[in-house]
Amino acid sequence: MFASAPSSALFWVRRGVQLVVGLVAYGIAIALLVRAGIGVPPWDVFAQGITRQTGLPFGLVVNLVGALVLLLWIPLRQKPGVGTVLNVLLIGPSAEFGLWLVPQQTVPVQQVVVFAGGLALLALATGLYVGARLGPGPRDGLMTGLQARTGWPIWVVRTGIEVIVLLVGFVLGGQLGVGTLAFALLIGPMVNVTLPLLRIPDRPTTPTAVKEVSA
């Protein structure tokens, strides 16, 4: 007998749905971290700084920064996927929606709860959209592209990028706080859990044979 493999259509639908859900959740997670008011990730410090200097909506700035980072892929010879394009298009509007939905927090206990929720959601969202395997985000591609071109360890490249955008964002007026440090320390181990759990496996190419066991 043969066990039926998942149909090709269902396989791609699952990947597409997981990608979109992950990207929308990622944007809302960013909004939660911003509304917590105790510090945001380095790239969001950068986006906040640009928002304060230009008056542009935060979500639009997130989109524009993603698009500009994507341009840096050209000299690095990185190839985007559909997930890369949707990353640029969806995270910004989702973050803007989250900012509209969630009020600014000022009570310490509520700030910690909202920040923790945002951090957990961001780790889950990262596992979802990366696990769909339809193309890395602009910032991830920049990191891997620089690593491939320079030969430096990935942690050196990642840390260097994060430090640069954090410092520039802070100078521009972005929000730097204890949450920024907490994010830097915790997001790695958390994503290390969600990535393997949510990674969609390779599609089976042939039916799986199942032997009948005689009584």
Query raised in the report: Looking only at region 94-110, which residues are of a type outside the set (Val, Ile, Thr) and either touching a strand residue (DSSP E or B) at 6+ places or on another chain (Cβ under 8 Å) or surrounded by fewer than 17 Cβ atoms within 10 Å (Cβ to Cβ) (or both)?
Result: Phe97, Trp100, Leu101, Pro103, Gln104, Pro108, Gln110
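For every residue, the table says whether it meets (1) in contact with a Cys (Cβ under 9 Å, 6 or more places away or on another chain); (2) among the small types (Gly, Ala, Ser); (3) open to solvent by less than 50 Å² (accessible area, probe 1.4 Å).
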position: Ile30; (1), (2), (3): no, no, yes
position: Phe46; (1), (2), (3): no, no, yes
position: Ile50; (1), (2), (3): no, no, yes
position: Thr54; (1), (2), (3): no, no, no
position: Ala67; (1), (2), (3): no, yes, yes
position: Trp73; (1), (2), (3): no, no, yes
Query raised in the report: For region 178-197, which residues satisfy the criterion of being under 21 Å from Leu166 (Cα atoms) and open to solvent by 60 Å² or more (accessible area, probe 1.4 Å)?
Result: Val178, Leu181, Ala184, Leu185, Leu186, Pro189
Report task. All but one of (1) among the aliphatic types (A, V, I, L, M); (2) open to solvent by less than 40 Å² (accessible area, probe 1.4 Å); (3) at pLDDT 90 or above; (4) part of a helix (DSSP H, G or I) hold for Val113, so report the exception by its number. Result -> (2)
Query - Residue within region 14-28 that is without any contact (Cβ under 8 Å) to a residue 12 or more places away in the chain and of a type outside the set (Phe, Trp, Tyr) present - result: yes
Report task. State all residues of region 75-89 that are closer than 24 Å to Leu121 by Cα and either open to solvent by 50 Å² or more (accessible area, probe 1.4 Å) or among the acidic types (Asp, Glu) (or both); if no residue qualifies, say none. Result -> Val82, Val85, Leu89
Query raised in the report: Does any residue in region 171-188 that is within 11 Å of Pro42 (Cβ to Cβ) come within less than 8 Å, Cβ to Cβ, of a residue that is open to solvent by 80 Å² or more (accessible area, probe 1.4 Å) and not aliphatic (A, V, I, L, M) six or more places away or on a different chain, and which pairs are these?
Result: Gly174/Arg52; Leu176/Phe170
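Per-residue answers, yes or no, for (1) hydrophobic (A, V, I, L, M, F, W, C); (2) at pLDDT 90 or above; (3) buried (at least 20 other Cβ atoms within 10 Å of the Cβ):
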| position | (1), (2), (3) |
| --- | --- |
| Gly118 | no, yes, yes |
| Gly131 | no, no, yes |
| Thr159 | no, no, no |
| Val163 | yes, no, no |
| Thr206 | no, no, no |
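The values are calculated or read from the model by the stated rules, or taken from the named source; none is laboratory data. This is a predicted model, so every value here is computed, not measured. For neighbour counting, all protein chains shown are included, and Cβ atoms are generated from backbone atoms with ideal geometry for every residue, glycine included. In case anyone asks, the SASA skips ligands and DNA or RNA and just uses the protein heavy atoms, side chains included. Shrake-Rupley method; radii C 1.70, N 1.55, O 1.52, S 1.80 Å.
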